[in-house]
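Report on one structure; see the data block that follows.
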Amino acid sequence: MIHSFKIHGTYMVLDVMSGAVHQLDEVAYDVLGCYDENGVLNNDELKNLSRYNESEINEAIEEIEYLKKNHMLFTEDPYTQMLPGWAKQTVVKALCLHIAHDCNLRCGYCFAGTGEYMGHRSLMSLDVGKKAIDFLIENSGNRRNLEVDFFGGEPLMNFEVVKGIVDYARTREKETGKNFRFTITTNALLLDEDKRRYINENMHNVVLSLDGRKEVNDALRKRIDGTGSYDRVLPLARKMAEERGQQQYYVRGTFTRKNLDFGTDVLHLADLGFEQISVEPVVANKDSGLDIRAEDVETVCREYEHLAKEYVERRKNGQWFNFFHFMIDLEGGPCVAKRLRGCGSGTEYLAVTPEGELYPCHQFVGRKEFLLGNIYDGLNQNPVRDTFRNTNVYTKPRCNSCWAKFYCSGGCAANAWQFNSDIRIPYEIECELEKKRVECALWIKAQESSRLAGPAEN
Amino acid sequence: MKHIKTINESTLNKDIKKAGCGECQTSCQSACKTSCTVANQKCERK
Ligand code: SF4
Ligand code: SF4
């Protein structure tokens with residue numbers, strides 16, 4: 001399987017099974033278009049390329065055939081026979097702890113119902129937090145590295161418990177040989193100096209929520225009194241980013257159909273000095289007025305392409321920043337086994353409510369049909385667990401035939417559920433955006449690698 | 001080659017026998033809380 005595409009006048013092809021990426025000139029791109037999906041050249045179609053001279057066409061064919069022979073184009077699937085081995089019983093290795101089902105913001109798009117998650121406002125007790133750590137250790141088999149994300153609502157509203165859980169996990173690390181990595185996701189409103197210091201000393205990563213331009217942020221990220229949060233959050237988030245040396249954090253925004261020009265928000269965050277940026281599409285109900293609709297896809301895709309261009313320019317000219325959704329590690333990314341199943345929700349990744357209930361991930365919390373047990377009695381026999389376990393890009397028909405499967409890893413189960421009522425049917429709009437992001441990421445690689453290899457630019 | 005420049009050679013199918021050790025990070029943990037992109041797990045720092 002191959003995927004060829006064109007962005008900003010650059011022709012590219014991805015060899016899906018091997019991960020090889022090539023840049024082509026127009027002749028080679030058009031000649032490649034005369035090959036069928038199995039890599040067989042269709043001579044009749046070649047006849048349509050009379051605008052090129054024959055020697056050019058023959059050179060291009062020769063190069064394509066060379067890549068084929070060297071398993072860098074039309075490579076066959078080498079993975080199917082490995083699948084049973086990779087499907088072995090999984091263990092739990094990451095928990096999302098819902099430290100507070102309460103929030104000091106009232107964001108218009110909050111999937112958690114401004115913190116309540118279809119329940120009532122509540123805080124996790126230290127006792128539940130400790131039990132969750134025990135549960136993770138007990139269910140993690142031989143896995144050494146374990147991850148815990150402090151999530152909410154707003155986790156800083158219950159920060160003493162966060163500290164208590166970290167302390168407890170550290171004591172258990174010694175006796176069990178496990179290694180905990182903590183992260184926290186916060187709206188930064190309560191991020192005073194003490195909390196920042198604590199977080200910097202103890203947390204591997206921090207996600208700071210901020211949507212971009214003031215008017216965009218304040219339209220949806222409102223304080224309880226209805227005023228915008230930008231002015232209060234921005235200085236605190238900036239301090240945090242600086243104190244962390246512009247590493248191991250993300251400033252994370254959400255875009256909706258109210259700001260389809262979200263690229264401007266990404267650049268705004270970069271202008272403010274943030275170097276680690278993530279801005280992603282909202283997950284919102286069809287009737288919310290915020291969800292990205294089919295008719296928006298073209299605009300959003302164009303916006304990603306725009307942003308990619310500006311991104312390359314800025315990184316080249318000393319205004320380096322990192323956009324999470326354009327990051328792709330072609331040489332050292334995760335192995336294929338990992339790429340088959342993505343986020344691991346419902347199997348290796350679980351969310352824990354303040355009461356100690358277990359759900360497949362933060363997005364499923366409160367949907368009773370997805371309740372997977374609790375930290376006291378362990379996992380239950382809910383059959384959806386098997387659905388999560390048995391789902392990967394090979395078992396989902398749409399993913400199996402999709403060129404982006406080893407980069408996307410099958411998309412978000414919560415999105416699939418929300419829009420198609422089946423975690424095995426990916427949400428089409430998200431697919432379109434994801435594929436565009438992967439194309440942009442590959443294009444950026446091509447731009448940045450030619451800068452390394454080629455002569456200095458003038 | 002004159003018409004095609006390879007940006008990245010085959011990497012996905014290398015070492016597949018060793019794949020699946022599972023010590024890697026879970027994916028929806030850090031910067032994304034809704035849309036997950038696994039391929040970007042390792043950050044390339046300037
Ligand atoms: S883009 Fe969609 S179809 Fe393709 S792998 Fe991702 S979820 Fe599956
Ligand atoms: S199902 Fe979606 S929201 Fe949940 S962990 Fe996976 S990618 Fe993230």
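Here are some notes:
- Of the criteria (1) within 16 Å of ligand 2 (Cβ to nearest atom); (2) free of Cβ contacts under 8 Å to residues at least 40 places away in the same chain; (3) in a loop (DSSP other than H, G, I, E, B), which one A:ARG385 fails: (3)
- Members of the range A:250-290 that are hydroxyl-bearing (Ser, Thr, Tyr) and either open to solvent by 10 Å² or more (accessible area, probe 1.4 Å) or more than 9 Å from every other protein chain (Cβ to nearest Cβ) (or both): A:TYR250, A:THR254, A:THR256, A:THR264, A:SER288
- Residue in the range A:230-246 that is β-branched (Val, Ile, Thr), surrounded by fewer than 17 Cβ atoms within 10 Å (Cβ to Cβ) and without any contact (Cβ under 8 Å) to a residue 60 or more places away in the chain present: no
- Number of the condition not met by A:ASP329 [criteria: (1) buried (at least 24 other Cβ atoms within 10 Å of the Cβ); (2) in contact with a helix residue (DSSP H, G or I) (Cβ under 8 Å, 6 or more places away or on another chain); (3) part of a loop (DSSP other than H, G, I, E, B); (4) of a type outside the set (A, V, I, L, M)]: (1)
- Residue selected from the range A:148-202 under the condition touching a strand residue (DSSP E or B) at 6+ places or on another chain (Cβ under 8 Å) and of a type in the set (Lys, Arg), by the criterion surrounded by the most Cβ atoms within 10 Å (Cβ to Cβ): A:LYS178
- The condition of being modelled with pLDDT under 95 and more than 12 Å from chain B (Cβ to nearest Cβ) holds for only one of A:GLU430, A:GLU448, A:GLU457, A:GLU439, that being A:GLU457.
- Members of the range A:381-431 found to be surrounded by fewer than 17 Cβ atoms within 10 Å (Cβ to Cβ) and within 18 Å of A:ASP291 (Cβ to Cβ), listed by number: A:ASN420, A:SER421, A:ILE425, A:GLU428
- Taking the range A:1-100 and the strands (runs of 3 or more DSSP E) fully enclosed by it, the elements with 1 or more residues that are more than 9 Å from chain B (Cβ to nearest Cβ), closer than 30 Å to B:CYS24 by Cβ and open to solvent by 40 Å² or more (accessible area, probe 1.4 Å) are at A:2-7.
- Selection within the range A:376-411 - touching a Pro at 6+ places or on another chain (Cβ under 8 Å) and closer than 28 Å to A:SER18 by Cβ: A:LYS396, A:ARG398, A:CYS399, A:GLY410, A:GLY411
- Scanning the range A:192-221 for residues that are under 25 Å from the mean Cα position of the chain (by Cα), away from chain B (no Cβ under 14 Å) and under 25 Å from A:PHE111 (Cα atoms) returns A:GLY212, A:ARG213, A:LYS214, A:VAL216, A:ASN217, A:ASP218, A:ALA219, A:LEU220, A:ARG221.
The values are calculated or read from the model by the stated rules, or taken from the named source; none is laboratory data. Computed from a predicted model, the values in this text were never measured in an experiment. Counting neighbours? That spans all protein chains shown, and the Cβs are built from the backbone with ideal geometry, glycine included. Protein only, heavy atoms only, side chains kept; ligands, DNA and RNA dropped before computing areas. Shrake-Rupley method; radii C 1.70, N 1.55, O 1.52, S 1.80 Å.
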